[in-house]
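K.L.:
Below you will find the structure I want to go over with you.
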Amino acid sequence: MIKLKGTFLDEITHDIPSQNWDQKDWAKDFDAMKAVGIDTVILIRAGYRRHATFNSEVLQKTMGIYPVYTDLVDLFLTEAERCGMDFYFGLYDSGKYWVNKAYDKEIEINKDFCSEVVQKYGDRNAFKGWYFSHEIGRYEKGVMDVYEEMSAHLKKIKEQPILISPYVHGTKQFGEEAVSFDQHTIEWREIFKHLEGNIDFVAFQDGQVGYNELKDYLEVHKGLADEFGIESWSNVESFDRDMPIKFPPIPFKNLRYKMELAAEAGIEKMITFEFSHFMSPNSIYPAAHGLYKQYMNWLTGQGFKES
């Protein structure tokens, strides 16, 4: 069966509005996720600049974060445990150091921060993995150092699988500055050499290239991942990059097509960015309600039964 089995949780975001949900709203949405077969939730990032998901003492001292009134990590872990889902913890993105090539500082903050996280939440039943929030699209030695050093630290403090969700430097997002398919393949072969033994799952974002190009990218990503012993997932984006506004829910026909291509390429697991805004019957976007209905109709037509 072709279906989405994971979703990101996006509350510390760059460009998507908050839905202003409380615990009951989130519980309702976790129920909706479970109803379509989602078994994995991934916190997109635990903090960004001065915003955070819980009152971290490390981030208070190092980044002067703003007050946090709801512990979202505890809330998400509680709902994941109630629904029998695995929770992946997304790291802190300073929005400052690593983008300015101050990689050592980004590593230093995240090491202390993640050690604090393990002390606070490490014994929670749903805590089953880590997610590197520092997205990449091309080879850069400094970012490889962040990945390598942080992966060693994470597996030392809590031995759990590590997921990344990189992007393609494609035409939809980068226009004339897009990287060719051949150059992309060359650079990602080099990146995978550094990822081997450090990263367990790689879920490329699938929205930066045209639908006519996607099959080739999925196949090369799967081939490289297999070559270097990394499990290949796909981040099947449920928002639309083809509209002039940021960002509406994607048309169902496009979502289905991307999922079918991923299945044909042999992708092991499909996740999405991001259910709660773009696919949920509870979303602030009415079009998401329609996408949920169409997706559920398709799933049940394949023989899916609601849990």
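Throughout, read-outs are computed from the coordinates displayed, never taken from laboratory work. Small disclaimer: the values here were computed from a predicted structure and weren't measured. Here Cβ is always computed from backbone atoms with ideal geometry, including for glycine, and neighbour counts include all displayed protein chains.
K.L.:
If each residue's Cβ is checked for other Cβ atoms within 10 Å, how do 112, 29, 182, 242 rank with the fewest at the top?
P.N.:
Values: 112 18, 29 21, 182 9, 242 12.
In increasing order of surrounding Cβ atoms, one gets 182, 242, 112, 29.
K.L.:
As a footprinting exposure proxy, order 209, 68 by other Cβ within 10 Å, with the fewest listed first.
P.N.:
68, 209
K.L.:
A further question follows. Any idea which of 248, 221, 188 is furthest toward the positive side of the dipole for the range 172-307, if Lys and Arg beta-carbons carry +1 and Asp and Glu beta-carbons -1?
P.N.:
248
K.L.:
Next question. Fewest first, what order do 101, 5 take by the number of other Cβ atoms within 10 Å? Mind showing how you got there, number by number?
P.N.:
Working: 101 12, 5 17.
Lowest to highest Cβ neighbour count: 101, 5.
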